[in-house]
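One structure is given here, and the rest of the page talks about it.
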Amino acid sequence: MREPASIAVQWLGRIAYRDAWQLQRELVAQRADGPIGDRLLLLEHDPVLTLGRQADERHVLASPRELRRRDVEVLRVERGGEVTYHGPGQLVAYPILRLGDRGLLVRPLVGALEAAMIETCARLGVEAVRRDGHPGCWIDGGLGRPFRKIGALGLRIERGVSYHGIALNVDVDLRDFDLIDPCGEPGLISTSIAEELGRTAEPPSTAAVERAASIFAESFASAIGAPLDWPPAPTLALAVGA
């Protein structure tokens, strides 16, 4: 039986959303046409708000003037889902996968991404869960208290290739979520791994995001049964147990 093809992992560091968006579209076209293999892009973004295809702009709570003052761009993109904030201290992962080659359907892919977020949280000391009817990664408040959202998920499939993906709050400034109704839910509480552990940093820690990125990549690859092709440069924290 032939071994499944590996997924090439790329740690991009902190880059502008528009640059990563353009890169994704270029990789999707190349992957659909066949000259490249599957990729997993791992990165942070500069502050930005993105709205999915059907997202309601009324869930952007900040005024245009306030967004300009804080240098936060607002973009409507092709993914599913509502409005989401991206910024420093947040792990973003974009799986560029030709689903048919792996026998993957969209629902199992969503499940694998959620499982990888949950496993990443667990290995960093935070218990996260799924929430029925609400994609992403959650902290159960327990005893009737509300769920807190720690990870968002929104995908697009084009020509059989996935892109967009997940955003996991590692050590992000949670005050920035006051700009929106996260995921279109007024009153939804956002949290982060650092917040749950009582270890928030100022400014947000890129090192913590890199560590989470390596754990996430391993967990996601395990969930879909694929080996990883790690980059030779030591830019990604491979020693996840350190």
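The values are calculated or read from the model by the stated rules, or taken from the named source; none is laboratory data. On a predicted model such as this, the values are computed, not experimentally measured, just so you know. Because the Cβ atoms are built from the backbone with ideal geometry, glycine has one as well, and the counts that use them run over all protein chains shown.
It is to be established whether one or more residues within the range 72-91 are aliphatic (A, V, I, L, M), surrounded by 19 or more Cβ atoms within 10 Å (Cβ to Cβ) and without any contact (Cβ under 8 Å) to a residue 60 or more places away in the chain. No, the range 72-91 contains no residue that is aliphatic (A, V, I, L, M), surrounded by 19 or more Cβ atoms within 10 Å (Cβ to Cβ) and without any contact (Cβ under 8 Å) to a residue 60 or more places away in the chain. Number of residues in the range 109-150 that are more than 20 Å from GLU185 (Cβ to Cβ), in contact (Cβ under 8 Å) with a residue 40 or more places away in the chain and not hydrophobic (A, V, I, L, M, F, W, C) equals 5. Going through (1) among the hydroxyl-bearing types (Ser, Thr, Tyr); (2) exposed (fewer than 15 other Cβ atoms within 10 Å of the Cβ); (3) more than 23 Å from ILE224 (Cβ to Cβ) one by one, SER6 falls short only on (3).
Might you let me know whether the range 210-228 holds any residue that is β-branched (Val, Ile, Thr) and modelled with pLDDT under 95? No, that holds for no residue.
Looking for something in contact (Cβ under 8 Å) with a residue 12 or more places away in the chain, under 26 Å from ARG53 (Cβ atoms), out of contact with any helix residue (DSSP H, G or I) (no Cβ under 9 Å at 6 or more places or on another chain) and buried (at least 20 other Cβ atoms within 10 Å of the Cβ) - is there at least one such residue anywhere in the range 206-214? Scanning the range 206-214 turns up no residue that is in contact (Cβ under 8 Å) with a residue 12 or more places away in the chain, under 26 Å from ARG53 (Cβ atoms), out of contact with any helix residue (DSSP H, G or I) (no Cβ under 9 Å at 6 or more places or on another chain) and buried (at least 20 other Cβ atoms within 10 Å of the Cβ). Of everything in the range 24-67 that is surrounded by 22 or more Cβ atoms within 10 Å (Cβ to Cβ) and of a type in the set (S, T, N, Q), the residue that is nearest to GLY81 (Cα to Cα) is THR50. Among the residues of the range 42-52, none qualifies, meaning not one is more than 16 Å from the chain's Cα centre (by Cα) and of a type in the set (Ser, Thr, Tyr).
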